[in-house]
1. Would a scan of segment 96-119 turn up a residue that is modelled with pLDDT of 75 or more, assigned to a loop (DSSP other than H, G, I, E, B) and more than 30 Å from residue 18 (Cβ to Cβ)?
2. Tally the residues that are under 11 Å from residue 68 (Cβ atoms) and modelled with pLDDT under 95, restricting the search to segment 15-40.
3. Scan 90, 66 and give me the residue that is farther than 13 Å from residue 42 by Cβ and in contact with a helix residue (DSSP H, G or I) (Cβ under 9 Å, 6 or more places away or on another chain).
């Protein structure tokens, strides 16, 4: 699934991060964005972390370590931010629900389309059979075009 946007609850973010420096804010937000787009944790490898947040100096690397220690939980497969992982799970659930609904709609449309095709085929077949014998005679058959239907002659004196 592609996450087109990162839900940022500004009030919650500011409440929890008022004490951060500008560099720490940037590092924290870049880590959050990375985890959001990847749909999982920040890597354990510090060199990869430094690349993600574009840390250039020793002070920025220290800021990275402080942000990870304060806001992320280290697990076997990476650094997790609890609130972000909850949002990822919520977004995945919404996406799955919408995907299931879309598949159900397409399935229903496909059935309706198949019924319509079948109905059209039956109607077409019925019309071709209802047209009766051909108007032009086949070779060897007498032509009745322009003649009156064969009706019994009336006897004189009969009413």
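The values are calculated or read from the model by the stated rules, or taken from the named source; none is laboratory data. Note that the coordinates shown come from a computational prediction; the quantities given were computed from them, not determined experimentally. Cβ: placed from backbone, ideal geometry, glycine included. Neighbour counts: every protein chain shown.
1. no
2. We begin by selecting, within segment 15-40, every residue under 11 Å from residue 68 (Cβ atoms); these are 24, 27-28, 31.
Imposing the further condition that a residue be modelled with pLDDT under 95 reduces the set to none.
Result for segment 15-40: 0.
3. Values: 90 fails: in contact with a helix residue (DSSP H, G or I) (Cβ under 9 Å, 6 or more places away or on another chain).
Unique residue meeting the criteria: 66.
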